[in-house]
């Protein structure tokens, strides 16, 4: 939560919208008749004590502590800092933080800008803004649980993979018989050809094609598979694809026996001169036939796609995708913040400038690119910088979404700091060094805040 | 409710006379106001309407999809929290549309008897005092920064501005050892004080910027009448500052309510808030989905209610904090 709400705390840049920022606070302070300094100190004392003991003293303490080893007794100089940049684990955290800083702020700012512009085009903009802004109120802990559910690996449980597989299966249907292969040997009428299965002899209409397949995993045999039927010699090019294996033994190889099951859902192609002339799909008993195919001889082919595993989506929570997946959750949380700030900036843009450009014949895109975006740049900068600071401090989302086994791959500096000092590492020297490292990372923005504030306020 | 978020440019509410003292002493957020309101009217101009007609259909569809994208994950959590573990392990929550009969409040009922209830009260015990303390302490300091003259005031305030983005990680180890020495480790008071300290920079910054916008004539009149500084603070500045205090209050409340890191380090098991309790259930995510989903949903109900009820202040606080 922390990193989330102190986002808005930073006042990094000036602005919202050009014209109105002008009248900053200025004159008048000199004329105040003030009370005695003692009174001022009394008013400031509670805050000063709290800030001094809980914030400022710890910064100093951490600097010293970071120069000592785990026990706090042995002076190691900059040893802990060397560890940060040499240990494989911490290097991963730095690499991940780098990915975060490069990707997340750009994505959030862009999405915020798109949303802000689009909401001007709909009547239910308020409802939309509330929906997108809502995750800001929710704890990152709860957001983590929400996305842990979304990213569940099984397409039957995780929403992300359910959507992916649905989309995938709409565009390519493969029943999926991984590891199945044609029966080998000279007697077999079919052979493997680069993952696909083809007939050794060209087939013709009236001659049923036999495609014996072996090695089908029993659990992948569809429940609706029917006993295979030896194809009758019909008019068109037809045949049978079946599992040439009789449970319990017996049966003749390369011949359809009574107990053997057809393989439904196989894609079958009739190929002539390297061109696919027709495509068919096998029925529940494994039979197929090509309708309306010109007479002639064809090679019958079962393309390699039949032998790939059914598409199961992506493993979001696996070691490779974990960081992008968590960034996705981060974008979900922060897009509303970006959108609301940018929309406010948008509302402050003088409409006359836009209208004038349109009257001069500028296209909507030109207006957007040449007028809207430049006028918005101060707000975009605020959002961008706030997001950089937040990505540097990201902790909760990584901690909650990444399963324990992938945490080393998803790790970031803020999490590593906690892990090393409290979560089992028990090395507060290294922990202090990591905390100082984090402070140094945000230092430029701190200086930026102070300078900007000075310029505006005095 | 609809109005405020629609016009985020509205001021963080200023004291009535803020503009009229003629001294240009406007608080930061108020600065954006005139432009925001002015722009409202001509927005639906000719060109705008033309664009509405042309791209309207496509934009509507895209926006509906995007809205669903943002809404559906939370909806999923709600449905999962209202189904038994067996059902959740067998099928996706979206099958609820064909099997609405599977909904049950069993998970929530089970939660009531567990450690979750205690952690809910701990969250309240941590959040409420923190919010009150931050508001009180920050308002006093902000008043001093805004309306009192003392040496080093500007420098001190710049320090506060600098502290705005200090990562809390920096204080975990030092404060832990302080608490160890003071025998405060694990206590609610320790968690509260840590939150208060790290809430102060933003609170002082926000309130000071608002307080300087109060017309000086009001304060000077009170001082002429011989009112004590405390009386001026309590009966003039604090009441006039209500809008900014409301913004601060909601922010601070949500921030503390939703915190996990500070609780993780400083609250022991007996004093842990919901976030820490739920985190401890994460390790067996698969078998604890019933507790986690219902607990997470309960933990976000109060923030959501507050958000919808006070979103105007929420947005204003955000604008005042960021749009400087």
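The values are calculated or read from the model by the stated rules, or taken from the named source; none is laboratory data. On a predicted model such as this, the values are computed, not experimentally measured, just so you know. Glycine also receives a Cβ, built like all others from the backbone with ideal geometry; neighbour counts cover every protein chain displayed.
Hey, any hits in region B:205-221 for a residue that's in a helix (DSSP H, G or I), in the same structural domain as residue B:138 (by TED's automatic domain parsing) and under 18 Å from residue A:58 (Cβ atoms)? No; the residues of region B:205-221 include none that is in a helix (DSSP H, G or I), in the same structural domain as residue B:138 (by TED's automatic domain parsing) and under 18 Å from residue A:58 (Cβ atoms).
Of the residues that make up region A:90-113, is at least one within 20 Å of residue A:425 (Cβ to Cβ), in a helix (DSSP H, G or I) and touching a strand residue (DSSP E or B) at 6+ places or on another chain (Cβ under 9 Å)? No: region A:90-113 contains no residue that is within 20 Å of residue A:425 (Cβ to Cβ), in a helix (DSSP H, G or I) and touching a strand residue (DSSP E or B) at 6+ places or on another chain (Cβ under 9 Å). When we screen B:205, B:211 for residues that are touching a helix residue (DSSP H, G or I) at 6+ places or on another chain (Cβ under 9 Å) and within 9 Å of chain A (Cβ to nearest Cβ), the only hit is B:205.
For the residues B:249, B:286, the requirement of being part of a loop (DSSP other than H, G, I, E, B) and touching a helix residue (DSSP H, G or I) at 6+ places or on another chain (Cβ under 8 Å) singles out B:286. Restricting attention to region A:25-69, and to residues there that are in contact with a helix residue (DSSP H, G or I) (Cβ under 7 Å, 6 or more places away or on another chain), at the interface with another protein chain (Cβ under 8 Å from one of its Cβ atoms) and within 30 Å of residue A:384 (Cα to Cα), which single residue is modelled with the lowest pLDDT? Only one residue tops the list, namely A:25. Applying a threshold of 8 Å to beta carbon distances and a minimum spacing of six or more residues, or different chains, the list of pairs starting in region A:226-253 at a residue that is over 20 Å from residue A:266 (Cα atoms) and assigned by TED's automatic domain parsing to the domain that holds residue A:280 and ending at one that is at pLDDT below 85 and assigned to a strand (DSSP E or B) reads A:234/A:289.
Hey, any hits in region A:166-184 for a residue that's part of a helix (DSSP H, G or I) and within 14 Å of another protein chain (Cβ to nearest Cβ)?
Looking through region A:166-184, at least one residue is part of a helix (DSSP H, G or I) and within 14 Å of another protein chain (Cβ to nearest Cβ).
Counting only strands (runs of 3 or more DSSP E) that fall entirely inside region A:257-314 and contain at least 1 residues that are free of Cβ contacts under 8 Å to residues at least 24 places away in the same chain and surrounded by fewer than 18 Cβ atoms within 10 Å (Cβ to Cβ), the qualifying elements are A:275-281.
Whenever a residue of region B:81-93 is at the interface with chain A (Cβ under 8 Å from one of its Cβ atoms), its partners that are surrounded by fewer than 17 Cβ atoms within 10 Å (Cβ to Cβ), lying with C-beta atoms within less than 7 angstrom and at least six residues away or across chains, give the pairs B:91/A:156; B:92/A:156.
Quick grid of which residues meet (1) over 16 Å from residue B:202 (Cβ atoms); (2) surrounded by fewer than 24 Cβ atoms within 10 Å (Cβ to Cβ); (3) over 17 Å from the mean Cα position of the chain (by Cα):
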{"residue": "B:246", "(1), (2), (3)": "no, yes, no"}
{"residue": "B:252", "(1), (2), (3)": "no, no, no"}
{"residue": "B:255", "(1), (2), (3)": "no, no, no"}
{"residue": "B:262", "(1), (2), (3)": "no, no, no"}
{"residue": "B:266", "(1), (2), (3)": "yes, no, yes"}
{"residue": "B:271", "(1), (2), (3)": "yes, yes, yes"}
{"residue": "B:277", "(1), (2), (3)": "yes, no, yes"}
{"residue": "B:281", "(1), (2), (3)": "yes, yes, yes"}
{"residue": "B:285", "(1), (2), (3)": "yes, yes, yes"}
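Residues are listed down the side, and each one gets a yes or a no for (1) in a helix (DSSP H, G or I); (2) facing chain A (nearest Cβ under 8 Å); (3) surrounded by 23 or more Cβ atoms within 10 Å (Cβ to Cβ); (4) in contact with a strand residue (DSSP E or B) (Cβ under 8 Å, 6 or more places away or on another chain):
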{"site": "B:110", "(1), (2), (3), (4)": "yes, no, no, no"}
{"site": "B:130", "(1), (2), (3), (4)": "yes, no, yes, no"}
{"site": "B:151", "(1), (2), (3), (4)": "no, yes, no, no"}
{"site": "B:156", "(1), (2), (3), (4)": "yes, yes, no, no"}
{"site": "B:193", "(1), (2), (3), (4)": "yes, yes, no, no"}
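Go through the residues of region B:195-202 one by one and say whether even a single one is assigned by TED's automatic domain parsing to the domain that holds residue B:275, touching a strand residue (DSSP E or B) at 6+ places or on another chain (Cβ under 9 Å), in a helix (DSSP H, G or I) and farther than 24 Å from residue A:419 by Cβ. Within region B:195-202 (the criterion being assigned by TED's automatic domain parsing to the domain that holds residue B:275, touching a strand residue (DSSP E or B) at 6+ places or on another chain (Cβ under 9 Å), in a helix (DSSP H, G or I) and farther than 24 Å from residue A:419 by Cβ), the answer is no, since none of the residues qualifies.
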